[in-house]
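The values are calculated or read from the model by the stated rules, or taken from the named source; none is laboratory data. Owing to the predicted nature of the structure, the values given are computational and were not obtained by experimental measurement. Cβ placement follows ideal geometry from the backbone for every residue including glycine, while neighbour counts extend to all protein chains displayed.
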Amino acid sequence: MQEKRLFEYEYAVIRIVPRVEREEFLNVGVVLYCRQKKFLQSLVALDEDRLRCFSPLTDLTLIKSYLDAFTNICAAATANSPIAKLDAAGRFRWLTATRSTMLQTSKVHPGLTADPAATLQRLLETLVL
């Protein structure tokens, strides 16, 4: 019987930080990179009601535009972005770089998986939903 092959992956949680100075955040997605499978994808689940309760003055339109840009860069779907033109590893490193903005990621965490897409979905369900 053939064994399942495991691949190394890295992931980070995508967070909304409405007031950076307070360092409070709401998890809204996950980005996962697997070099061996040439996989880089993010999943986002923005609970607007929860965000409004957490931070009533947050501009939801602005947050959605940030999340759309993040997803487009991850998928290399933004033709006019120099970051989207980087290879998958370069895009992942840029997206997960430490920054002090409303849209941040957690530290990068490693793991092993046979199916990066299924692992991404599981991480979203576990860490965001």
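Would you check if Asn80 is over 12 Å from Arg15 (Cα atoms), without any contact (Cβ under 8 Å) to a residue 40 or more places away in the chain and more than 13 Å from the chain's Cα centre (by Cα)?
Spelling it out, Asn80 is indeed over 12 Å from Arg15 (Cα atoms), without any contact (Cβ under 8 Å) to a residue 40 or more places away in the chain and more than 13 Å from the chain's Cα centre (by Cα).
What residue, of Ala75, Ala69, Ala88, is free of Cβ contacts under 8 Å to residues at least 40 places away in the same chain and within 17 Å of Leu32 (Cβ to Cβ)?
Going through Ala75, Ala69, Ala88 in turn, just one is free of Cβ contacts under 8 Å to residues at least 40 places away in the same chain and within 17 Å of Leu32 (Cβ to Cβ): Ala75.
Name the residue, out of Leu95, Leu103, Leu51, Leu67, that is in contact with a Gly (Cβ under 9 Å, 6 or more places away or on another chain) and within 13 Å of Arg15 (Cα to Cα).
Every option except Leu67 fails the conditions.
Provide a single number: the residues in region 43-83 that are under 25 Å from Arg22 (Cβ atoms), out of contact with any Lys or Arg (no Cβ under 8 Å at 6 or more places or on another chain) and not charged (D, E, K, R).
Residues in region 43-83 being under 25 Å from Arg22 (Cβ atoms), out of contact with any Lys or Arg (no Cβ under 8 Å at 6 or more places or on another chain) and not charged (D, E, K, R): 15 in total.
Would you check which residues across region 1-22 are of a type in the set (Asp, Glu) and at pLDDT below 90 and list them?
The one that is of a type in the set (Asp, Glu) and at pLDDT below 90: Glu3.
For Asn80, work out the one condition from (1) at pLDDT 95 or above; (2) part of a loop (DSSP other than H, G, I, E, B) it doesn't fulfil.
For Asn80, the exception is condition (1).
Is there any pair linking a residue in region 103-129 that is assigned to a helix (DSSP H, G or I) to one that is among the charged types (D, E, K, R), with Cβ under 6 Å and at least six apart or on different chains, and which?
Filtered contacts from region 103-129: Pro116/Lys37.
Being more than 30 Å from Arg5 (Cβ to Cβ) and modelled with pLDDT under 95, is that true of even one residue in region 35-49?
Among the residues of region 35-49, not one is more than 30 Å from Arg5 (Cβ to Cβ) and modelled with pLDDT under 95, which makes the answer no.
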